[in-house]
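*Asks:* Starting off with a structure, shown below.
The values are calculated or read from the model by the stated rules, or taken from the named source; none is laboratory data. All values reported here derive from a predicted model rather than from experimental measurement. All Cβ positions, glycine included, derive from the backbone under ideal geometry; neighbour counts span all protein chains shown.
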Amino acid sequence: MKKHNICHLVFLLLLLPDPSIHAQEIPLPEHPRPDFQRAQWQNLNGTWAFAFDAQDKGIQEGWTEGETVFDKTILVPFPWGSNLSGIQDEADIGWYQREIIIDQSWQGKRIFLTVGASDWETSIWLDGTFLGKHQGGYVPFSFELTDHVKFGEAQKLIIRADDARREFTLYGKQGYGNARGIWQTVYLEARGNDYLDALHFAPDIDNNKVKVTAYLSEPSDDDISLSLTITGPADPINHQAIMPAGKNRIRFDIDIPDPRLWNLEDPYLYEVEAVLGEDVVRSYFGMRKISVVNLPGTDYPYIALNDEPVYLQLALDQSYHPDGFYTFPSDQFMKEEIIRSKSIGLNGIRTHIKVEVPRKLYWADKLGLLVMEDLPNSWGEPDEKMRSESAYTLRGMIKRDYNHPSIFSYVIFNETWGLYSKTGTDENGRDRREYLPETQYWVASMYYLAKSLDETRLVEDNSICCGRGHTETDINSWHSYLPGWEWDNYLKNLTEQTYEGSTFNFENGFQQGKQPNINSECGNVWGYEGSTGDVDWSWDYHRMINTFRTYPRVGGWLYTEHHDVINEWNGYWRFDRTEKMNGLGEIMEGMSLRDLHADVYLSTGVDICKTVNGGEHIEVPLYLSVMTGKQIGADLNISYELSFTNYIGETEKYSSGSLKIAYTPWMQKPLEPLTIK
């Protein structure tokens, strides 16, 4: 009696971009913030003099004066210790020095130095004059130089970065490569005497308007005129407003007739020029709406873009580079990162445990890719210093990134990292750590803080794992790493326990509302004992995706991960972003990952191959999952081919045929199985 393996798969051809990586001689010359840019600015990236200060003697010895000759050079903005910086990691404190010349044409303006990000305590001097100190590792900060500028003359700029480990700081996953010192663009800019500190646009597509909030750094002595020109698909829109004396914030609405919406197929951006007295800022925004709606024909809540549900197919993006760590070598590389995700049919990424580089977010805006943005975590106790650091960074992240239409949610904590308190020791003398109720209520307060800062996006309190639960959240998420065969039982059990009022996946005192269900980290490699092992990645991945599509109560998944990093080898791409051989094209000619991420998907359930006996009667289950509102015809024609492979590897076509299925958008239904004798 013969035994055969019957396999059934869908195919489509995928073209990938050239993954080559090139660092530029003058790194990252582009303006770091296309969403908040002034015309008069000077990029200070490039080669700086540098010295380590392992004994912390630089201040005492007067290095602040700019007369000390530093013995090294570093390429800014790459963190020291990275290959692209040009130097090794030799100490916790580093000093930077260079000359700057501020052009005569900037006279009459206020002059500022801005650092995109520097970890952790950063102090700055100009010609020996102390300008200020910033504490934090992820958000931009500025110091004013105006009173100390000698226009047209060379002046010494000194920066000291102290990155000694502090338990309360948001270290995140820097074990993959430390963000030591400066790791984002440093630049000078000229601002008006009264200047915009931030300019936020909240699109309102229901009422064809955009809600604008303009911020000053400090209240003005007099009324100031604010003029906005919005360039879109029709005639420019002009709007005038007045910032009243004594105020540092103003809110107003601007009508946007017949708005061209930002979406994943047409990521249209409205460009803005804002003029406040002598201060001129260029920005942009996208007319789009993030909300929660039911999947049509069901009561399953889904995350929605412009009131249309989106079946989320995301990748966890560690956002690391092998030579630059947190810092990418070029703007082109960041653009290609977004293109890579779209090329395999993903509709989003989760930038993991890192406040993302603004120009990468710009390319997500420009090319149309959704983004979940994480707040980095600490690895110490959730004490007052850690809480202050987390709140400060959350505020800075939302302030900086408010205008990026690609960002649809913020993730405040991940897997309860940094939230456990030491409560004693166990019988073996090891620390006993608990996620205390008091900490849980603080986590809930951070959710409400984020919602108060940005009402336009969803907020996740804690992307949960390992037996912990949610407090207050807009997304009912969880992490699970399983071999392919386990997904059906797992999702069956999970969907039976996720409903309004359920306490499953929630901490005591909290319960599920009408949040969308998202498997916010998943995969198969980490599901095996001993971590990475001998696993047929493509086989298990196919089984996992097949199973997800038969459980539409789960509104999407987030696969770990976009690219390999150090000891995590389960990426779609290698760490250097070269392609992997996934073997799908060997299973069926032309098949690619894009087929497994299609809007219209035919699933055979968790089993994609079956061992059968000769003459046996079998049925192949079919499930049609349509995750699009597009009307593509009254009927779908499904063509199939069955083949068998014997035990010596000989493959032969067994039968073929076609089925006609009545089509409706968003349909989720089992079909009549294929019967085979």
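*Asks:* With the structure loaded, tell me whether L369 is within 14 Å of the chain's Cα centre (by Cα) and within 18 Å of G286 (Cβ to Cβ) or whether it fails that test. Walk me through how you get there before you give the answer.
*Replies:* On the way: within 14 Å of the chain's Cα centre (by Cα): yes; within 18 Å of G286 (Cβ to Cβ): yes.
So L369 fits the description; yes.
*Asks:* Another one. Is it the case that some residue within the stretch 293-315 is assigned to a strand (DSSP E or B) and either among the basic types (K, R) or touching a Cys at 6+ places or on another chain (Cβ under 6 Å) (or both)?
*Replies:* Taking the stretch 293-315 first, the residues assigned to a strand (DSSP E or B) are 293-294, 301-305, 308-309, 312-315.
In the following step, the residues that additionally are either among the basic types (K, R) or touching a Cys at 6+ places or on another chain (Cβ under 6 Å) (or both) were identified as none.
No, there is no match, as no residue in the stretch 293-315 is assigned to a strand (DSSP E or B) and either among the basic types (K, R) or touching a Cys at 6+ places or on another chain (Cβ under 6 Å) (or both).
*Asks:* Any idea how many residues of the stretch 252-271 are assigned to a strand (DSSP E or B) and either over 30 Å from the mean Cα position of the chain (by Cα) or under 16 Å from Y195 (Cα atoms) (or both)? Explain how you work it out, then say what you get.
*Replies:* Residues of the stretch 252-271 assigned to a strand (DSSP E or B): 252-255, 261-262, 267, 270-271.
With the extra rule that they be either over 30 Å from the mean Cα position of the chain (by Cα) or under 16 Å from Y195 (Cα atoms) (or both), the set shrinks to 255.
Qualifying residue count, the stretch 252-271: 1.
*Asks:* Checking I648 against (1) in contact with a Pro (Cβ under 9 Å, 6 or more places away or on another chain); (2) assigned to a loop (DSSP other than H, G, I, E, B), only one condition comes out false. Which one?
*Replies:* (1)
*Asks:* Collect the residues in the stretch 164-186 that are crowded, with 24+ Cβ neighbours inside 10 Å and basic (K, R), keeping them in residue-number order.
*Replies:* Hit for the stretch 164-186 is R180, nothing else.
*Asks:* Can I ask one more? Filter the stretch 408-426 down to residues that are in a strand (DSSP E or B) and touching a helix residue (DSSP H, G or I) at 6+ places or on another chain (Cβ under 6 Å) and give me whichever is surrounded by the most Cβ atoms within 10 Å (Cβ to Cβ).
*Replies:* Y410
*Asks:* Looking at S639, S656, S643, can you tell me which residue is surrounded by 15 or more Cβ atoms within 10 Å (Cβ to Cβ), more than 19 Å from G345 (Cβ to Cβ) and small (G, A, S)? Let's see the steps before the verdict.
*Replies:* Details: S639 fails: surrounded by 15 or more Cβ atoms within 10 Å (Cβ to Cβ); S656 fails: surrounded by 15 or more Cβ atoms within 10 Å (Cβ to Cβ).
Exactly one of S639, S656, S643 is surrounded by 15 or more Cβ atoms within 10 Å (Cβ to Cβ), more than 19 Å from G345 (Cβ to Cβ) and small (G, A, S), namely S643.
*Asks:* Examine the stretch 37-55 for a residue that is surrounded by fewer than 16 Cβ atoms within 10 Å (Cβ to Cβ) and without any contact (Cβ under 8 Å) to a residue 12 or more places away in the chain, and state whether such a residue exists.
*Replies:* yes
*Asks:* Right, here's the next one. Taking the condition of being modelled with pLDDT under 95 and hydroxyl-bearing (S, T, Y), how many residues in the stretch 172-216 meet it?
*Replies:* Residues that pass the stated criteria total 1.
*Asks:* Surrounded by fewer than 20 Cβ atoms within 10 Å (Cβ to Cβ), at positive phi and either out of contact with any Cys (no Cβ under 8 Å at 6 or more places or on another chain) or modelled with pLDDT under 95 (or both): does that describe G429?
*Replies:* When the stated conditions are applied, G429 passes them.
*Asks:* From the residues in the stretch 626-641 that are part of a strand (DSSP E or B) and over 24 Å from F548 (Cβ atoms), which one is farthest from the chain's Cα centre (by Cα)?
*Replies:* First, pick out the residues of the stretch 626-641 that are part of a strand (DSSP E or B): 626, 635-641.
After this cut, where a residue has to be over 24 Å from F548 (Cβ atoms) as well, the list is 635, 637, 641.
Working: D635: 38, N637: 38, E641: 40 Å.
Top of the filtered list is E641.
*Asks:* Another question, if that's okay. Of everything in the stretch 101-134, what is surrounded by fewer than 18 Cβ atoms within 10 Å (Cβ to Cβ) and either under 16 Å from D56 (Cβ atoms) or aliphatic (A, V, I, L, M) (or both)? Give them in sequence order.
*Replies:* I101, K133
*Asks:* I would also like to ask the following. What number of residues within the stretch 414-460 satisfy the criterion of being within 30 Å of Y215 (Cα to Cα) and out of contact with any strand residue (DSSP E or B) (no Cβ under 6 Å at 6 or more places or on another chain)? Walk me through it before giving the result.
*Replies:* Just the residues of the stretch 414-460 that are within 30 Å of Y215 (Cα to Cα), to begin with: 442-460.
Now restrict to residues that are out of contact with any strand residue (DSSP E or B) (no Cβ under 6 Å at 6 or more places or on another chain): 442, 444-445, 448-449, 452-455.
Summing the residues that are within 30 Å of Y215 (Cα to Cα) and out of contact with any strand residue (DSSP E or B) (no Cβ under 6 Å at 6 or more places or on another chain) in the stretch 414-460 gives 9.
*Asks:* Could you list, in sequence order, the residues of the stretch 606-623 that are outside any loop (DSSP other than H, G, I, E, B) and β-branched (V, I, T)?
*Replies:* Kept after step one, since they are outside any loop (DSSP other than H, G, I, E, B), are these residues of the stretch 606-623: 609-613, 618-623.
Hits for the stretch 606-623 are T611, V612, I618, V620.
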